[in-house]
Structures are given as structure tokens and as C-alpha cells.
Amino acid sequence: MKRFFYLAVISVVFALGSSAVAQDDLSIFGFFQSRLEYSNVKNTFTLEIPGMEQTTEDVSKTLSPGVQQLNVFMMKELADDYSAWVNFEMVNSFSTERGWGEFNLEEAWVKYRKNRGFSLKAGYLIPVFNNLNEVKNRMPYLPYIMRPLVYEASMSGVVDISDFLPERAFLQAYGAAPAGKANVEYAVFIGPGERSLFASKNDPAGTGTPGADTTTFVEVGGRLGVKVAGLKAGVSGTLDKDNQQQMLGEHVQRVRFGSDFSGTINKIFFEAEVILVKEDPKADVDLDKTFWYGTLGYQLANGVFVYGMYSYVKDANSPYFGEGINAVFGGVNCQLTNGLLLKAQGLKFMSNDT
């Protein structure tokens with residue numbers, strides 16, 4: 001079966017202005033990204049039997065408005081060297097009445113900054129991994145409507161993000177140090193097992209605390225990079241376990257490898273990432289995963305930006321990406337005012353599942 005998926009999206013990102021609530025030094029700000037989405041999905045099925053081949057097509061077209069993502073941030077300077085940060089996130093037109101989307105506490109941490117060479121975050125935080133993981137929910141600063149697939153929160157029902165990316169950490173040290181004309185960047189973190197499978201849920205019997213990690217092991221990881229002029233490159237890695245109790249009856253040792261390269265030269269913008277996931281189960285099952293993407297953009301005029309992206313995802317254990325899926329993205333951004341951004345994006349997904 002061959003699948004072709006076309007998606008055209010128009011989006012508006014509106015950044016909410018800063019204000020003070022109760023205390024002048026508590027800043028509350030955020031954004032929402034609404035979108036109007038047109039999709040054209042065509043599935044082609046080929047039935048091959050001796051002496052006969054029959055091909056059928058199924059076409060589905062939809063037009064749907066909605067709020068892709070809304071984030072509210074709260075930040076407060078606690079002292080000269082201490083600050084606090086909280087991030088609430090809603091996706092897919094969140095509604096409890098209709099059972100739409102999700103509402104999550106994404107971040108809640110305190111940061112101590114000694115100097116440029118050393119900072120420490122503690123609490124509930126998104127760790128550094130490659131270039132995009134820590135800033136993936138800052139949509140006003142990203143050109144995309146739909147982000148590279150493993151970073152797209154609105155598609156969490158299709159892509160298991162936790163398989164490719166570290167979801168949470170409770171402690172992270174990071175900083176940068178000069179090395180000639182360059183700066184060497186580092187980050188190391190420690191955190192719980194993947195939130196989606198190792199965190200306890202509401203239990204009618206009252207045993208356990210909802211959201212608590214249910215394992216006796218932790219995830220460790222980090223990134224080492226270099227930044228010079230307008231260029232940035234780095235390598236990342238994590239070591240943890242994948243919850244395969246239901247399918248294999250074990251927690252499988254997992255290693256993630258990542259690399260990133262990004263920069264700006266004059267009016268040209270580019271970024272690329274690779275993620276390789278290696279797992280070693282006792283059973284003869286392929287759990288390895290591959291993801292990469294590359295983006296190239298150009299500033300046409302002041303406030304007008306165009307870009308194209310090519311991406312690939314393969315997960316042998318996924319019903320969607322078993323044979324790999326290729327994605328082509330193209331889009332344009334227009335800065336209408338200081339707090340209003342208009343985005344348009346087209347996508348094409350291609351897979352060769354049989």
C-alpha cells in the first residue's frame with residue numbers, strides 16, 4: 001500500500017503581552033497558534049494474486065479550523081542569581097467537554113546562574129537534546145506550523161515522542177566557555193524514565209502518587225557543542241530504558257544518539273538534526289529508530305521569510321513508520337505586527353508500507 005498525504009495549513013501566532021499579577025516582578029506572557037488546515041489523504045491499495053492485479057484508491061478531504069497550541073508562561077526573578085519558570089501548554093483545541101486535545105504542565109523549575117560558564121536548573125524541566133528539544137514549544141520563534149515530526153506535540157497520537165526524545169529532567173547543569181573565536185557549550189542532565197509509560201496514573205485503590213516515577217532507574221544525558229559566529233553544531237546522547245513490559249516483558253536498555261547543525265549566513269537560515277535510537281531486547285525484535293531533517297530558509301524582505309524542509313522517520317515497531325516515511329515541507333512567514341505572525345505551510349507525506 002502506498003500512502004500520499006497532502007496538507008496545507010494557514011496559521012496565526014499571537015503573542016500575549018507581558019503583565020503583572022499581584023507582584024510587579026511576576027511576568028505572565030505567552031502565545032497561541034491557531035490554524036486552518038486542509039488535508040487531502042489518498043490511500044492506494046494493490047491486490048496481487050496469480051493472473052490478476054487490482055488497484056483501488058480511497059480519498060479523504062477535510063477542512064478544519066482549530067487552535068494547534070496555546071502556551072502560558074510565568075517567570076519571576078527570585079534574587080540576583082535565582083529565577084523561576086512555569087509553562088502550561090494546551091494542544092489541539094483543548095476541551096474537556098468534547099474530549100479534544102491535551103492540557104499539560106510542561107515546565108516548572110528554578111534556575112541558579114553563577115556566571116556564563118555555569119547554570120543549574122532544578123524541578124520539572126525539558127532537557128537539552130540536539131538544538132530543538134528545549135525550545136520546541138516556542139512557536140513564535142520557529143518558522144514551522146507543523147514542526148519536524150518527532151517534535152510535534154499535536155501529533156503525539158501518531159508519533160511516540162518519548163521514543164525519540166528525552167521528555168523530562170529534574171536536574172540540569174549547563175553553560176558555555178570561550179575557546180579562541182568559538183564558544184564551547186555543554187549540558188548534562190538527570191531525570192525520570194519516560195513520562196508516558198513509567199509515570200503512575202490515578203489509581204482508584206489509592207496506591208501511589210499520580211505522576212510519580214514507578215521505576216528504580218533514571219535517565220542521564222547531555223549535549224556537547226560549539227558555536228562560532230553564526231554557526232552552531234553539537235552532539236547529544238541519552239541512556240535510559242524503554243518500557244516494553246506489555247510486548248516483551250522487559251525494560252529494554254536504550255541509547256539515543258543525536259547531532260545538530262544550524263546557523264545563519266546573511267539572509268540564509270539552515271538547520272539539520274539526526275537522531276538514532278538503539279535498543280537491545282532479549283527477543284529477536286527490531287526496536288531501532290531513525291529520524292533526520294534538514295531546513296533551508298531565506299529572508300525575502302523585512303519580516304517575510306520562506307523555507308523548505310525534508311524529513312525522514314523510520315520505526316520498525318510503528319504501524320505508521322514501519323517502512324519509513326518521507327516528508328516534504330514548504331512555508332512562508334510574514335510578521336504583520338510586533339506580536340502577530342502569519343504562517344502558511346504545505347506538507348506532503350510519502351510512505352511505502354506494504
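Placing one equal scatterer on every Cα of region 264-305 and applying the Debye formula, the log10 ratio I(q)/I(0) at q = 0.21, 0.26, 0.29 Å⁻¹ is -0.73, -0.88, -0.96.
Surface calculation, 1.4 Å probe, protein heavy atoms: Leu63 sits at approximately 120 Å² accessible. Both radii were evaluated on the Cα set of region 258-354; the Rg over Rh quotient, with Rh as the Kirkwood radius, amounts to 1.12. Here's the list of lysines a cross-link from Lys114 could span, going by alpha-carbon distance under 27 Å and ignoring same-chain residues fewer than 8 apart: Lys76, Lys136, Lys181, Lys227, Lys232.
Scalar couplings 3J(HN,Hα) for region 143-153, obtained by applying the Karplus form with A = 6.51, B = -1.76, C = 1.60 to θ = phi - 60°, are x, 7, 8, 8, 6, x, 3, 6, 9, 8, 5 Hz; x denotes Gly and Pro. Solvent-accessible surface (1.4 Å probe) assigned to Glu323 amounts to roughly 110 Å². For region 319-334, backbone nitrogen atoms closer than 16 Å to the point 7 Å from Lys267 Cα along Cα-to-C-beta are found at 332-334. Taking θ as phi - 60° and the Karplus parameters 6.51, -1.76 and 1.60, the scalar couplings of region 63-75 work out to 10, 9, x, x, 9, 5, 7, 9, 10, 10, 10, 10, 9 Hz in sequence order, x denoting glycine and proline. Residues whose amide H lies under 5 Å from that of Trp100, counting only those 5 or more places away or on a different chain, are Ser95; hydrogens are built 1.01 Å from N in the peptide plane.
Shown are Thr295, Thr216, whose ranking by accessible area with a 1.4 Å probe and every protein chain present, most to least, is Thr216, Thr295.
These residues, Tyr310, Tyr151, Tyr141, go from largest to smallest accessible area, 1.4 Å probe, as Tyr141, Tyr310, Tyr151. Exposure check, 1.4 Å probe, all protein chains in place: Arg223 carries approximately 20 Å² of accessible surface. If one computes the Cα centroid of region 222-240 and of region 274-295, what distance in Å separates the two points? Each part reduced to its Cα centre gives a spacing of 20 Å.
The residues Phe349, Phe32, sorted by heavy-atom accessible surface at 1.4 Å with ligands and nucleic acids left out, run Phe32, Phe349 from largest to smallest.
One way to sum up the overall shape of region 122-196 is the equivalent ellipsoid from its Cα gyration tensor, whose semi-axes run 25, 18, 10 Å, largest first.
Cα centroids of region 317-354 and region 181-195: 28 Å apart.
The values are calculated or read from the model by the stated rules, or taken from the named source; none is laboratory data. Please read these numbers as outputs of a predicted model, since none were measured by experiment. Using ideal geometry, Cβ is built from the backbone for each residue, glycine included, and neighbour counts are taken over all protein chains shown. Side chains included, ligands, DNA and RNA excluded: accessible areas come from the protein's heavy atoms. Shrake-Rupley method; radii C 1.70, N 1.55, O 1.52, S 1.80 Å.
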